[in-house]
Every structure is written in C-alpha cells, then in structure tokens.
Amino acid sequence: MPGRGDHEEDDLDALGARVSAARAATQARGETFYQGPSGVHLAAFPPRERWDDWAELDSRAWPARKEHRYLLVPTTCFNCESACGLLAYVDRDSGQVRKFEGNPEHPGSRGRNCAKGPATLNQVTDPDRILYPLRRSGQRGSGGWERVSWDEALDALAARIRAAIIEERQNEIMIHIGRPGEDGFTERVLASWGVDGHNSHTNVCSSGGRTGYQFWMGADRPSPDHANAKVIYLISAHLEAGHYFNPHAQRITQARANGAKVIVLDTRLSNTATHADHWLSPVPGSEAAINLAVAQHLIATGRYDRQFVRRWWNWAEYLQACHPGLPGTFEAFEEVLATLYSEFTFEYAAAESGIDAAVLAEVAETVAGAGTRFSAHVWRSAAAGNLGGWQVARTLFLISALLGAVATEGGVFPNGLNKFVPRPIHTPPHPGVWQDLTWPLEYPLAQNEMSFLLPHFLNEGRGKLDTYFIRVYNPVWTNPDGLSWMEVLTDESKIGCFVALTPTWNESAYFADYVLPMGHGSERHDTHSYEQYDGQWIGFRQPVLRAARERLGETITDSRQVNPGEVWEENEFWIELSWRIDPDGSLGIRQYHESRARPGEKLTVDEYYGWMFENSVPGLPKRAAAEGLTPLQWMRRYGAFEITSGQGALYGQPVPAAELEDVQVTPEGRVYTATAKPFSPNIVPMGAPEPDGEGRRAAGVDVDGVVRRGFPTPSGRLEFYSSTLAAWGWPEHALPGYIKSHVHPDNLDAGQMVLLSTFRLPTQIHTRSANAKWLDELAHTNPVWIHPADAARLGVARTGDLVRVETTIGYFVAKAWITEGIRPGVVACSHHMGRWRLDAQPRGAGGMMATVDLRHGDDGWTMQRRAPVAPYESSDPDSQRIWWSDTGVHQNLTFPVHPDPISGMHCWHQAVTVRPAHPYDQHGDIAVDTSKARAVYQEWLQLTHPAGPGSQGGLRRPPWLMRPLKPARGLFRVPGQ
Ligand code: SF4
C-alpha cells in the first residue's frame with residue numbers, strides 16, 4: 001500500500017502534467033500562458049483577461065457542478081496600513097459581492113492577504129453596521145438616536161463650520177484621523193477651509209520609530225528591501241503584525257528561502273520570533289543598548305563601510321560642533337568614533353538586556369557578515385513603548401549606516417524613494433492659522449500632533465472645539481487615559497458638536513452628536529502608496545459595486561447608489577460639505593471643490609481621480625492607452641499601478657548642471673540655488689529643507705567635488721549628528737544613543753513588573769475588525785502573559801486565574817496565561833480586546849462587545865461587566881452560533897499618558913504591580929482615577945524643553961521637520977517674535 005505522501009506526490013505529478021499540457025495547448029493556440037506579476041501561474045489566480053466573466057463551481061452544491069459567474073473588481077483592503085490589493089467577486093446574477101481574495105496585479109501584496117483581507121466580506125454584511133445618518137436624542141451617550149437625512153446633517157455641520165470660519169474661530173474645527181488609508185485628501189479639505197485642524201493617531205502609534213529615522217535621513221520611514229537581504233533584523237513581530245506586514249512578511253519569507261538569516265528582538269515569543277534564526281527576548285527598553293553593542297562591534301573590528309561613512313555621514317559637522325579643536329579630517333573622526341561607543345560592550349548590553357553576551361556577539365558577527373544586504377525595521381514595539389524609544393530606531397539605523405546598507409539591494413531605503421504621491425487637481429494654500437491644541441510649544445520636535453493630550457489641553461482651557469470629527473478613529477478606546485477622553489467628549493462646553501464618521505459603532509461614536517455612516521474598503525475611493533520594496537506603486541480603493549455596474553454599462557454618480565442603506569464615502573461627503581460651507585464661493589473655499597471641466601459645478605470623484613491618473617502618474621496614461629482605456633478606467637479595472645522598480649541609490653545621483661545656476665554653498669557643502677526644483681516630489685519629500693531665506697532651495701550636497709542629490713536633511717547628508725536636536729535643547733541626545741526607559745529596572749519600585757500592552761494579534765486590528773465574525777471566532781480575548789516563575793512567586797496557580805494589574809492610575813482584572821513565551825519580570829497583554837458598550841446603547845459588534853456598567857463617583861471611574869457576548873438574533877444566522885463569551889479587557893483605560901519630551905510619542909509600556917485578583921474582582925473590571933491621570937500628565941510635561949521667545953530665532957518648531965498639514969511659513973514664529 002502506498003503511503004499518504006506517495007498519493008500526494010502522485011497527485012502533484014498529475015497536476016504538473018495537466019499544467020504542462022494546458023501551457024502547451026495555450027501556446028499552440030498562439031496565446032500567452034498567464035504568469036501575472038506575482039510570477040505564479042494560473043492555478044493560483046484568475047488571469048486578468050477573464051475578470052469580466054470568471055466561473056467557479058459552487059462548493060456547497062457538490063457533486064452537482066453548479067457554476068457561479070463573477071465580475072472580478074479590484075479594491076484595497078482597509079483593515080491595516082498595508083493597503084493590500086483585494087479582488088471582489090461580484091456575482092453576475094445577484095449583483096452582490098460573494099467573497100474577497102487577493103489581487104495578483106497589486107505590486108505590493110502580489111495576490112496575498114492576511115485573514116483580515118477576505119474578512120472584509122463580514123464587515124460589508126455585518127448585521128450591526130450603521131446604515132443611515134443618525135443624530136442623538138437626549139444626553140450624549142444616553143443611547144437615544146434619530147434618523148436624519150444627509151441634507152439635514154450636512155446643512156447643520158456646514159452652518160457651524162461656516163460660522164466658525166467667518167468669526168475667525170478656525171481653530172475650533174478639527175478632523176481627528178485614525179487609519180488614514182489615503183494620501184492627503186483630508187489635509188487638502190482642511191487647507192481649503194483655511195483650517196489647521198488635522199489631528200492624527202500617529203503619536204500613539206509610530207512616532208517613536210519615525211523620529212529616529214527622521215533625524216538620520218530626513219524621511220520618517222524605512223523601506224527595507226527584505227527580499228534581497230542576507231540578514232534581516234527585526235525589532236517586533238513583522239511576520240504577523242508589523243508595519244506593512246503582509247507585503248513585508250512574504251518578502252522576508254522569500255529571503256529566508258534564499259538563505260537569509262533572521263534576527264528578531266521581541267520580549268514575547270511571537271509567531272515571528274518562532275521563525276527567527278536568533279530570537280532575543282530583551283528586558284523592555286534595552287533594545288537600543290543591544291543595537292549599540294552591535295554597532296560598536298562593527299566599529300571596533302573595522303567592519304564598516306569607510307567610504308560610505310566618509311562620503312555620506314555629516315561627520316565634519318559633528319567634529320566642528322563637538323570637537324572644534326580637532327582637525328576636520330575623516331581620520332580624526334574615525335579616532336573619535338572608535339571611542340564614542342566603547343562602553344557598549346557585549347557585557348554591558350548583556351547586563352542591560354538580560355541576553356547572554358555570547359549570544360549578542362554571535363548576532364553581531366551575523367550582522368557584520370551582511371555587508372550592504374542588511375535590512376532592518378522597527379516601527380512600533382520598543383520605539384513606541386519607552387521613554388526615548390525613538391533612539392531604538394536611531395541606533396538601528398546606525399547599524400545600516402555603518403554597513404552602507406542604505407538604498408542598496410537588500411538594504412534600507414528612505415521611504416521617499418519608494419513611495420509615490422500624485423499631484424491632485426486642486427492644491428489649496430497653506431492655512432493661515434496655527435493649532436496650539438495639536439502643536440503646542442512644549443513639544444517643538446514632536447513628530448506628529450500631540451493628539452492624546454487633547455483632553456488635558458481642553459481641561460486646562462487652552463482652547464475648545466466647536467466641531468470635532470473623528471474618522472476611522474475611536475479615541476476613548478484606542479488612546480491611553482480613555483476616561484479623560486470620555487469626560488471631555490461628554491462636556492458640550494469643551495466640544496460643541498462631535499461627529500463620528502464610521503461604518504460601525506464604537507466606544508467613542510456612542511457619545512457623538514452625529515454618527516454618519518461611511519463605507520468599508522469596498523465601498524469608498526482612496527489612493528495610496530506605501531514603501532514596501534524598492535519600487536513605487538499607487539493603489540486605488542474603490543466602491544466595487546459601482547465599478548462592476550459601470551463595467552456593465554450603467555452610470556453611477558454617487559457611491560450611495562450602490563452602497564447598502566445610505567452609506568456614503570468620505571471624499572464625496574467632504575466635497576459636498578465644503579460646497580455647502582461656501583455655496584457662493586465668497587469664502588474662497590468652493591474653488592477647490594469645483595469641476596475644471598464644468599466650471600461652476602461640483603467636482604466629482606471621477607474627475608478628481610481621472611485628472612490625477614491622467615496628469616500625475618508617470619507611465620499610467622500610456623499603459624492604459626495600450627489597452628484602449630483611459631487611466632481611470634485602467635485603475636478601476638486593475639486597482640494598482642507600478643510606476644518604477646529598482647530605484648537604487650538616487651541620493652547619489654549628480655545634480656544636472658542646468659539646475660546649478662546661481663549657486664550658494666554652505667561651509668558644510670549644502671548647495672542652494674535659485675533655480676533648482678526638487679528633482680522629484682517623491683524623492684525629496686515631506687521633510688525637504690526649506691528655502692534658505694533668500695528664495696533659494698536646497699539642490700544637493702557637495703560630495704568629493706560633485707553636487708549630488710543627497711538626503712532631505714539640513715546638511716543633505718545622513719545626520720549621525722543632529723544639529724536640530726542640539727540646537728533645540730537636547731545636545732546630549734544629538735548622536736544615536738541609549739536613553740534609559742521609564743520602565744528601566746532602575747526606575748521600577750520593588751515588586752513592579754513591566755507590562756507590554758501594544759502587541760497586535762494577527763487576526764484582529766483596532767476597532768473595526770471586531771465587526772468581522774470570522775476574525776472574532778479566531779481571536780477574541782487578551783489574557784495576561786505571565787512567566788511560570790512569576791506566577792509561582794505571585795501565587796497565580798493556573799492559566800485562567802484572575803489577576804489584578806495595577807497601574808499608576810487604576811487597575812484592570814484579566815485572566816492569566818502562564819507561559820514560558822515571556823521573560824520573567826514582564827507581563828504582556830494584547831491591545832485589541834475588551835470592547836464594550838453600555839446597556840442603553842445600540843449593539844455595536846455583537847460578537848465582541850460586552851455590555852458593561854460604567855460609574856463615575858468621588859473616587860473615580862469603575863467599569864464592570866454586566867453581560868458577556870452571547871448568541872443573538874440578527875439578519876445573519878451565524879450570530880446565533882457565537883460559542884465564546886470571553887472578550888478580554890480594555891486595559892488602555894488604565895494607562896496614564898506618557899508623552900516622550902522629544903518625539904511626542906506616547907510611551908506605552910507600564911510599570912505595574914500584578915497580584916492575584918481580590919475575591920470580589922470579576923474579569924474585565926476596571927478602576928481609574930482621572931485626577932491621578934492629570935497628575936501623571938503634568939509630571940511628564942515637566943520633562944519638556946518648550947519653544948518660546950528666544951528659542952531658535954523665535955520659532956515654534958524647526959520648519960524642515962515634517963508636519964502633515966503645514967501652516968503658512970510665517971506662523972512658525974512664536975507669536976510676538
Ligand atoms: S495585511 Fe491583511 S489587513 Fe493589512 S491590508 Fe493586507 S490583507 Fe488587509
């Protein structure tokens with residue numbers, strides 16, 4: 001009898017023979033055998049030529065061969081920042097989407113998705129979703145809602161915003177964004193209103209990582225070329241949940257298949273760590289010390305790229321600023337460099353991190369062997385967890401910069417080289433106001449808006465908001481200190497009108513004045529481009545039923561014509577709202593929302609994207625024309641377009657002589673001209689240095705007598721030494737270095753442990769994935785990971801026992817998971833869980849939201865679970881099949897704010913005391929004292945070095961640093977300066 005393996009081999013042989021026969025037959029007919037951009041033959045993906053009429057057999061009808069015929073329509077997943085391509089299978093009979101799979105034409109995701117992509121179908125058919133515009137009746141949060149028309153909602157909001165603009169209360173308008181999912185549309189809407197009202201979630205997400213990269217290369221994101229790397233160094237769980245994780249994970253997997261070594265620093269045994277060649281589980285906050293020990297090894301053993309360092313580091317500026325007595329030669333710098341990090345021995349890093357020195361030495365040797373094929377990435381994780389976490393990214397890039405692995409094959413690129421943002425049809429000017437609620441003087445170097453401090457700023461009377469929008473954002477649940485958010489969101493004297501743009505209910509939307517239903521990833525338009533490999537692409541999210549029906553010859557003019565209920569999309573909403581704010585054009589707003597083709601009429605999304613694809617995306621018009629399509633038709637059909645690949649080290653390109661007239665060169669070699677234009681808006685992106693004050697622009701940098709493009713930093717080189725940090729009050733941190741975290745062992749009280757609270761589960765993400773039943777079944781709770789030694793010490797007998805985790809402002813009660821997958825002395829709890837609603841409020845996510853009682857008394861807030869999730873009746877029979885009841889705990893409510901004084905990042909790690917739960921504790925209990933939260937906020941505020949009169953020419957912040965929506969140049973000056 002043959003074994004099972006033999007059968008499989010036989011089957012594979014037979015399949016291979018059939019594929020070969022099919023290929024031969026296809027070629028005999030003179031047709032091309034479809035390979036697709038993913039390089040996978042037609043067994044994996046429907047070939048694009050057949051997307052108008054694709055047939056599949058109905059698996060449930062087997063053995064009958066019942067065919068379903070589909071139109072395949074691309075869109076983009078909206079469930080994380082990776083923006084993978086999806087292909088909607090639109091049933092030609094019912095006109096509805098039956099499933100979502102990967103889009104093989106998408107250059108970033110190449111047909112692959114994680115579980116959250118196909119689960120878009122659950123979100124579309126979610127029985128609990130919001131289908132109509134609603135206005136609250138009764139007190140905020142009381143649960144009373146009445147249906148209103150879109151016209152009523154739009155007119156009410158337009159009147160408020162118009163009044164605020166006319167009365168010069170522009171700073172009372174704010175749009176607060178969670179997942180952007182697009183490149184710049186919302187910023188331009190605000191700019192057209194003349195409002196500096198963009199707020200983001202970035203300072204509770206990735207600012208720490210961004211800051212470290214920004215100070216090195218003027219671009220705030222790394223773009224690692226994992227696929228071609230020899231050594232991959234990851235700080236965090238990039239194979240399952242890291243930034244751009246599916247596009248990156250598939251390339252890391254590709255590299256591993258080619259023999260690449262993977263080094264993972266993660267205190268938890270994540271799925272990524274299980275795939276590593278070297279898994280390091282460091283003491284939280286010690287990651288920068290490990291990076292510096294590796295860097296020191298490269299320096300001490302002379303295994304750094306001398307020519308790269310000599311040519312591209314701003315070492316001369318460093319010598320001049322810090323060692324003026326030394327000769328300004330590279331040799332003198334090397335002598336200093338040899339001593340700079342000498343304290344970072346393997347033994348020192350071992351003492352800090354708890355990793356054996358011999359293991360660190362082995363890792364350093366592996367890194368040294370990578371040469372320029374060293375790809376590395378940190379994004380959230382340690383960079384988002386620790387005071388000074390931004391130095392984790394800065395020290396990580398130090399390793400890349402020593403190896404010369406910058407914009408090399410297998411190295412790390414600045415994101416500007418691998419991202420493409422097309423020019424839109426209208427570009428309004430920079431707003432003429434500065435919003436102090438998001439960019440306060442205390443945080444002049446903050447990477448992004450100080451979003452999570454908004455409740456404290458409002459409580460201090462720094463301002464108030466007339467109209468506050470949230471989109472793809474749930475501040476009460478996502479932020480630390482959510483109950484301080486609750487206090488201001490329910491106070492109409494602080495927030496006059498609170499509007500939630502959302503497809504689903506969430507903990508914040510329950511307290512809104514208007515809840516306006518917006519589409520999911522297959523029900524809205526957006527464009528986006530992300531740095532996922534050495535290439536540039538642009539993706540197009542679209543309402544798939546609109547594209548399908550247009551393909552069949554219908555004319556659709558508004559996404560509400562195809563979306564369920566009255567679900568809309570933001571772009572059409574913003575255009576309509578802007579039009580109503582300025583109906584006659586007298587405020588100067590309407591012009592930015594007007595058609596160019598039909599002056600006096602409203603811009604449509606077809607014209608908006610049609611113009612962009614026709615005029616701003618190189619190569620797309622030609623490619624579309626080759627298939628007899630307009631660029632918009634081409635993007636509606638295929639969903640993504642690759643503009644370039646294999647960009648290489650563009651920073652080293654010589655600047656053409658024609659761009660070098662009327663040149664001025666600084667002593668450091670920065671070259672300015674009156675004539676140069678940035679050679680590509682995508683290569684010298686957001687952080688490009690400002691004009692030199694005489695109308696000149698930075699054109700490049702003199703390297704060995706040749707003017708080259710350089711990096712968008714003040715010096716034009718990679719900034720080993722940051723003159724910005726030095727000048728703005730932080731000279732001690734101007735070099736890559738190690739800042740001891742607020743949870744460093746020296747800073748913990750006796751018995752305290754470190755809580756890691758930021759890790760994602762692969763199948764859940766933030767708020768909206770809770771409305772996907774498949775994902776909820778896969779992952780629905782967040783136990784506290786605790787090492788057996790700690791469990792024994794604390795008296796936690798078994799997995800499932802309740803523990804009380806005490807922070808500085810309260811506590812939460814959760815189940816313990818006793819596991820050796822976490823370091824002793826550290827506990828961990830994933831942040832997706834503990835979704836809740838009050839009894840009076842509508843059901844928001846029946847499979848994930850427990851019903852709770854929330855009380856506010858003299859000694860603070862308490863939350864207790866009234867009812868767990870349970871089977872319920874709905875339009876979806878699966879809601880009767882919910883078999884789980886434990887949906888975890890909302891731990892973020894118990895965290896105070898910890899704003900890093902430099903990056904502005906909220907430092908998520910918590911020093912906690914863990915105890916067995918009290919006898920009367922219940923799973924999910926929360927207690928918080930928001931007066932203590934205010935005290936912690938004030939304590940951290942004391943760490944800052946505010947801008948102010950006399951600071952750096954009277955500036956609020958260095959103009960060269962990024963800012964998503966920059967006000968007019970003059971507003972960078974502190975008032976009165
Ligand atoms: S990684 Fe998953 S959730 Fe993120 S965009 Fe891709 S398919 Fe969607």
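The values are calculated or read from the model by the stated rules, or taken from the named source; none is laboratory data. Owing to the predicted nature of the structure, the values given are computational and were not obtained by experimental measurement. Every residue, glycine as well, gets a Cβ built from its backbone with ideal geometry; the counts of neighbours run over all protein chains shown.
Scanning segment 563-610 for residues that are among the β-branched types (Val, Ile, Thr), in a loop (DSSP other than H, G, I, E, B) and within 29 Å of the chain's Cα centre (by Cα) yields 567, 604.
The residues in segment 944-969 that are under 30 Å from the mean Cα position of the chain (by Cα) and either in a helix (DSSP H, G or I) or under 22 Å from residue 198 (Cα atoms) (or both) can be counted, and the count is 17. Listed conditions (1) in a loop (DSSP other than H, G, I, E, B); (2) at pLDDT 95 or above; (3) among the charged types (D, E, K, R) are all met by residue 210, apart from (1).
Checked against the criterion of being surrounded by 23 or more Cβ atoms within 10 Å (Cβ to Cβ), under 19 Å from residue 440 (Cβ atoms) and out of contact with any Ser or Thr (no Cβ under 7 Å at 6 or more places or on another chain), the candidates 195, 204 yield just one match: 195.
Each row is one residue, and each column tells you yes or no for (1) of a type outside the set (A, V, I, L, M, F, W, C); (2) away from the ligand (no atom under 16 Å from the Cβ); (3) in contact with a helix residue (DSSP H, G or I) (Cβ under 8 Å, 6 or more places away or on another chain); (4) at pLDDT below 95.
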| residue | (1), (2), (3), (4) |
| --- | --- |
| 54 | no, yes, no, yes |
| 59 | yes, yes, no, yes |
| 63 | yes, yes, no, yes |
| 77 | no, no, yes, no |
| 81 | yes, no, no, yes |
| 84 | no, no, yes, no |
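Residues that are more than 12 Å from the ligand (Cβ to nearest atom) and assigned to a strand (DSSP E or B) within segment 65-75 comprise 67, 68, 69, 70, 71, 72, 73, 74, listed in sequence order. Residues considered: 147, 112, 129. Of these, the only one that is surrounded by fewer than 16 Cβ atoms within 10 Å (Cβ to Cβ) and basic (Lys, Arg) is 147. Scanning segment 86-100 for residues that are under 30 Å from residue 245 (Cβ atoms), charged (D, E, K, R) and either over 34 Å from the mean Cα position of the chain (by Cα) or more than 16 Å from the ligand (Cβ to nearest atom) (or both) yields a count of 1.
If you check 326, 292, 298, 280 for being free of Cβ contacts under 8 Å to residues at least 24 places away in the same chain and among the aliphatic types (A, V, I, L, M), only one passes: 326. Screening segment 652-671 for residues that are in a helix (DSSP H, G or I) and in contact with a strand residue (DSSP E or B) (Cβ under 7 Å, 6 or more places away or on another chain) and picking the one that is surrounded by the most Cβ atoms within 10 Å (Cβ to Cβ) gives 659. Residues of segment 422-446 that are among the β-branched types (Val, Ile, Thr) and buried (at least 24 other Cβ atoms within 10 Å of the Cβ): 438 alone.
Yes/no matrix, rows are residues, columns are (1) more than 20 Å from residue 931 (Cβ to Cβ); (2) surrounded by 22 or more Cβ atoms within 10 Å (Cβ to Cβ):
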{"residue": "844", "(1), (2)": "yes, yes"}
{"residue": "854", "(1), (2)": "no, no"}
{"residue": "858", "(1), (2)": "no, no"}
{"residue": "871", "(1), (2)": "yes, no"}
{"residue": "880", "(1), (2)": "yes, no"}
{"residue": "887", "(1), (2)": "yes, yes"}
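When you scan segment 544-559, do you find a residue that is buried (at least 24 other Cβ atoms within 10 Å of the Cβ), within 29 Å of the chain's Cα centre (by Cα), within 16 Å of the ligand (Cβ to nearest atom) and closer than 30 Å to residue 219 by Cα, even just one? No, that holds for no residue.
For residue 273, state whether it is of a type in the set (Gly, Ala, Ser) and either closer than 30 Å to residue 653 by Cβ or touching a Ser or Thr at 6+ places or on another chain (Cβ under 6 Å) (or both). Against the criterion (of a type in the set (Gly, Ala, Ser) and either closer than 30 Å to residue 653 by Cβ or touching a Ser or Thr at 6+ places or on another chain (Cβ under 6 Å) (or both)), residue 273 does not qualify.
Wholly within segment 120-200, which strands (runs of 3 or more DSSP E) include no fewer than the required count, namely at least 2 residues that are among the basic types (Lys, Arg)?
It comes to 134-136.
Rundown of residues vs (1) at pLDDT below 95; (2) not charged (D, E, K, R), yes/no style:
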position: 703; (1), (2): no, yes
position: 715; (1), (2): yes, yes
position: 735; (1), (2): no, yes
position: 746; (1), (2): no, no
position: 749; (1), (2): no, no
position: 756; (1), (2): no, yes
position: 761; (1), (2): yes, yes
position: 766; (1), (2): yes, yes
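Does residue 127 satisfy the criteria of being at pLDDT 95 or above, within 13 Å of the ligand (Cβ to nearest atom) and under 23 Å from residue 545 (Cα atoms)?
No; evaluated as a whole, the condition is false for this residue.
Put simply, of 157, 134, 121 the only residue that is within 16 Å of the ligand (Cβ to nearest atom) and either crowded, with 21+ Cβ neighbours inside 10 Å or more than 26 Å from residue 876 (Cα to Cα) (or both) is 121.
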